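The values are calculated or read from the model by the stated rules, or taken from the named source; none is laboratory data. Everything numeric here is computed off the predicted structure, so don't read it as measured data. All Cβ positions, glycine included, derive from the backbone under ideal geometry; neighbour counts span all protein chains shown. Side chains are part of the model used for accessible areas, which takes the heavy atoms of the whole protein and leaves out ligands, DNA and RNA. Shrake-Rupley method; radii C 1.70, N 1.55, O 1.52, S 1.80 Å.
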Amino acid sequence: MTNKIFSSAAAAVADIPDGASLAVGGFGLVGIPAVLIDALLEQGATDLQTVSNNCGTDGVGLGTLLEARRISRTTASYVGANKEFARQYLSGELEVELTPQGTLAERMRAGGAGIPAFYTPAGVGTMVAEGGLPLRYDGDGAVASASEPKEVREFDGVPYVLERAIVTDFALVHARRADTAGNLQFYGTARNFNPDAAMAGRVTIVQAEQIVAAGEIDPADVHLPGIFVQRLVEVGRQEIGVEIEKLARRGEDRS
């Protein structure tokens with residue numbers, strides 16, 4: 001078995017080149033591979049094309065690469081409250097492909113499963129299928145480039161839109177536990193997009209809070225088999241950030 005364990009996050013991302021495409025796990029700030037992202041920021045690769053549910057928040061996760069102008073294109077389903085994301089998109093600095101959330105997950109999973117495309121009802125009758133979604137603005141408020149129409153077919157009288165699978169050069173993923181063979185176990189909702197992102201990457205790099213010997217994770221608890229994982233780095237327990245914090249007033253009835 002090839003040794004998949006790297007000594008540091010820096011070593012694991014050292015060969016990611018300028019212009020690389022990256023599938024990145026996480027949802028909001030939950031389950032994001034923050035240690036790997038920080039290492040990539042230090043490494044210096046630029047003109048990156050990311051595929052992730054969202055592009056981090058201001059100053060956190062992929063937001064750090066965004067602020068450093070290191071991302072030129074992103075495929076995402078959610079913009080959220082990332083002000084820098086919105087600024088770069090509307091000013092024409094960033095190309096953005098918006099896609100329905102479930103479709104994005106399936107596009108990555110399909111890529112890893114060797115399925116080139118699939119039909120889905122999500123987006124039928126909207127610009128997702130009909131085209132015209134702004135990919136890039138010109139900086140003056142006009143659309144510089146827009147999405148093309150997609151094939152729509154009927155099955156049993158129901159229309160479906162054809163979506164292409166996603167395969168990326170690399171994937172960055174967070175897991176609670178990994179064994180030395182690369183089998184992964186995720187914790188709770190931190191599982192989110194991580195398995196799909198891991199499947200989409202030609203070279204999948206995993207930051208695991210704990211790495212154990214092969215066989216120590218019960219087969220029933222393996223959420224992603226090691227065949228999809230090429231590199232592992234142990235990072236210890238990670239704190240989960242809070243994207244939006246709301247506090248109740250003292251004595252307020254929250255029932």
- Task: Report, to the nearest 10°, how far helix 101-113 tilts away from the longest principal axis of the Cα atoms in the chain, using its own Cα long axis and a range of 0 to 90°.
- Result: 60 degrees
- Query: At what distance in angstrom do the alpha carbon centres of segment 104-135 and segment 13-37 lie from each other?
  - Reply: 22 Å
- Message: Only Cα pairs within less than 10 Å get springs; with that Gaussian network setup on the chain, which residue of Gly123, Gly112, Gly215 has the largest fluctuation?
- Response: Gly215
- Query: For segment 3-65, what is the accessible area per residue in Å², given a 1.4 Å probe and the full set of protein chains?
  - Reply: 33 Å²
- Report, to the nearest 10°, how far helix 34-43 tilts away from the longest principal axis of the Cα atoms in the chain, using its own Cα long axis and a range of 0 to 90°. 80 degrees
- Note on the structure: Per residue, accessible area of segment 121-224 with a 1.4 Å probe, heavy atoms of protein chains only, in Å², comes to 47 Å²
- Item | Net charge contributed by nearby residues that have their C-beta within less than 11 Å of Gly80 (K/R +1, D/E -1) | -1
- Any trypsin sites (Lys or Arg not before Pro) in segment 186-255 that lie in a DSSP loop and have at most 14 other Cβ atoms within 10 Å would be Arg237, Lys246, Arg249, Arg250, Arg254
- Dipole magnitude (debye, nearest 20) for segment 53-168, charges at Cβ of Lys, Arg, Asp, Glu: 320 debye
- Task: Can you list which of the GluC sites (Glu not before Pro) found in segment 142-208 are DSSP loop residues with at most 13 other C-beta atoms within 10 Å?
- Result: Glu151
- Note on the structure: Listed residues Asn82, Asn54, Asn194; largest mean-square fluctuation, Gaussian network over the chain with Cα springs below 10 Å, found at Asn82
- Connecting every pair of Cα atoms under 10 Å apart in the chain and solving the GNM, the largest mean-square fluctuation among Val158, Val30, Val206 falls on Val158
- What is the sum of charges around Ile71, taking Lys and Arg as +1, Asp and Glu as -1, for the other residues whose C-beta is under 11 Å from the C-beta of Ile71? -2
- Note on the structure: Here, chymotrypsin sites (Phe, Trp or Tyr not before Pro) of segment 161-191 satisfying both criteria (DSSP loop; at most 15 other Cβ within 10 Å) are Tyr187
- What is the chain's relative contact order, in percent, from Cα pairs under 8 angstrom and six or more apart in sequence? 22 percent
- Query: Under unit Cβ charges (Lys, Arg +1; Asp, Glu -1), what dipole magnitude, rounded to 20 debye, does the chain have relative to its Cα centre?
  - Reply: 300 debye
- Message: Run the simple label-point estimate for Glu245 and Arg69 please: 7 Å along Cα→C-beta, distance reported in nm.
- Response: 3.2 nm
- Item | Accessible-area composition of segment 114-255, carbon plus sulfur, in percent [1.4 Å probe] | 49 percent
- Quick one: net charge around Asp221, please, counting Lys, Arg +1 and Asp, Glu -1 for every other residue with C-beta under 11 Å from its C-beta. -1
